[in-house]
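A short worksheet on the structure shown next.
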Amino acid sequence: MSGCRNIPLFAGYPRLRQSLSRVVLAELPTPVSRLKGLEKHLRIQRCDVKSDGFTARPFGGNKIRKLEFLLGEALSQKNRSVLTFGAAGSNHALATALCARKTGLRAVCLLADQPNARYVRRNLLAHLDAGSDLHGYAKSSALKRGALVQSLLEAMRTGRPPMIIPPGGSTPLGACGFVNAGLELKLQIDEGLLPKPDRIYVALGTMGTAAGLLLGLQAVGLDPELIGVRVVPEIMANARAFQRLYSRTRTLLRQKDPSFPFAEHGMKRLTIRNEFFGTKYACFTDAGMEAVRLAFSLDGVHLDGTYTGKAMAALISDARNGELKDKNVLFWNTLNARSLDGITEHRNYRQLPGFFHRYFEEDVQPLDRPAEAADSR
């Protein structure tokens with residue numbers, strides 16, 4: 001364990017503090033605040049936001065919670081590098097690279113093609129500051145072959161194979177970061193910062209955020225309905241895969257500390273929403289971009305077209321249908337809230353591998369052009 005600072009998960013289950021490796025990367029707890037503009041505009045009884053965008057500097061977001069445990073394990077196993085995957089603009093890959101640098105680990109990132117957007121350019125330039133070893137692939141199916149090659153090269157370079165971190169960091173170990181988030185939310189409710197939520201809305205990608213969060217909430221006796229808004233292909237995010245990750249995370253924690261609750265009914269409190277995904281991963285939608293504009297104009301909340309805008313679109317749709325007028329609602333904002341200007345403004349994209357140059361030389365998708373987008377972040 002490295003630089004361990006107590007967190008609710010360890011305070012409640014001390015054996016986990018001794019058996020789970022964790023490196024301190026996140027500034028916790030993340031803040032909660034009331035979205036009074038959305039409340040009034042949409043006629044919601046109560047609407048709060050949990051802002052995980054402030055988890056770290058220079059780059060926050062939900063991935064940092066997972067990486068505390070994943071990189072902690074890498075350090076405890078004496079790995080010298082980590083290898084991870086994502087799309088070209090992957091927030092997870094960038095967070096992994098920046099956090100790896102902080103801990104002295106080398107980051108190898110295998111990135112697949114995706115629809116162009118301004119955040120893709122920004123994240124790729126930030127990889128230059130992180131010192132990432134970037135590799136691009138036109139098809140995601142080529143990533144497995146690339147991973148084998150890069151793992152062998154990394155083993156030859158460092159004398160040890162890299163620790164493999166799946167997309168999104170969504171392993172049982174990574175999900176422990178969001179089990180802790182569930183306990184963290186309970187403390188904020190007990191402190192009177194927000195009421196118990198009837199519903200929580202969150203983007204559903206590789207599902208580590210939602211699975212860990214629901215397990216943590218169940219462990220402390222909170223029983224909201226978790227609305228997971230699918231933002232990736234259904235083969236990646238579905239009920240069966242969610243239950244498997246939820247169960248495996250619970251098993252891991254109970255093996256490390258048998259006093260951790262069994263919490264068997266988590267899946268019954270999850271509703272997966274499919275109708276806001278759009279045509280393909282990372283393609284912005286009209287409903288999602290309306291949500292981006294509305295959240296920013298009414299409450300100054302920054303969202304994005306790939307993940308959080310689609311999750312907010314589900315909340316807005318339910319409010320307009322009258323489902324939330326007597327509900328306490330919590331929106332879990334997983335998007336980075338830190339500006340990357342300081343580490344990207346003087347970077348030249350030609351320093352990136354040639355595969356990524358097209359993202360700077362071709363136009364972004366229509367819904368991400370400045371005339372259509374409310375927020376240039």
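Bear in mind that the values in this text are calculations on the coordinates, not laboratory data. Because the structure is predicted, anything quoted here is derived from the model rather than measured.
Working from Cα pairs under 8 Å separated by at least six residues, relative contact order for the chain is 22 percent.
Dividing the convex hull volume of the alpha carbon atoms of the chain by its residue count gives 127 Å³ per residue.
Take the alpha carbon atoms of segment 203-220, find their center, do the same for segment 1-57, and report the distance between the two centers in whole angstrom. Segment 203-220 and segment 1-57 have Cα centres spaced 13 Å from each other. Proximity of backbone amide H atoms, modeled 1.01 Å from N, is registered between Gly60 and Ala337, Arg338 at under 5 Å, excluding neighbours fewer than 5 places apart on the same chain.
Could you work out how much longer the chain between Ser151 and Arg350 gets when fully extended? Use 0.36 nm per residue separation minus the Cα distance between them, nm to one decimal. The partial results should precede the final answer.
Working: separation 199, 0.36 × 199 = 71.64 nm, distance 2.57 nm.
My answer for the length gained is 69.1 nm.
Taking amide H atoms as placed 1.01 Å from N in the peptide plane, the amide H of Cys47 lies under 5 Å from those of Leu35, Val329, each 5 or more residues away in sequence or on another chain.
In vacuum, with every alpha carbon of segment 80-234 counted as one equal point scatterer, what does the Debye formula give for log10 I(q)/I(0) at q = 0.09, 0.10, 0.12, 0.21 Å⁻¹? Two decimals, please. These q points yield log10 I(q)/I(0) values of -0.36, -0.44, -0.61, -1.25. Listed values for segment 362-370 are Karplus-derived 3J(HN,Hα) couplings in whole Hz (6.51 cos²θ - 1.76 cosθ + 1.60, θ = phi - 60°), namely 10, 5, 7, 4, x, 6, 9, 6, x, and x replaces Gly and Pro. Using θ = phi - 60° in the Karplus curve 6.51 cos²θ - 1.76 cosθ + 1.60, the 3J(HN,Hα) couplings for segment 195-201 round to x, 4, x, 7, 9, 10, 9 Hz; x is entered for Gly and Pro.
For the pair segment 234-294 / segment 337-369, the C-alpha centres are spaced 30 Å from each other. Between amide H atoms placed 1.01 Å from N, distances below 5 Å from Ala112 occur with Gly86, Ala87, Ala88, Tyr137, all of them 5 or more places distant or on a separate chain.
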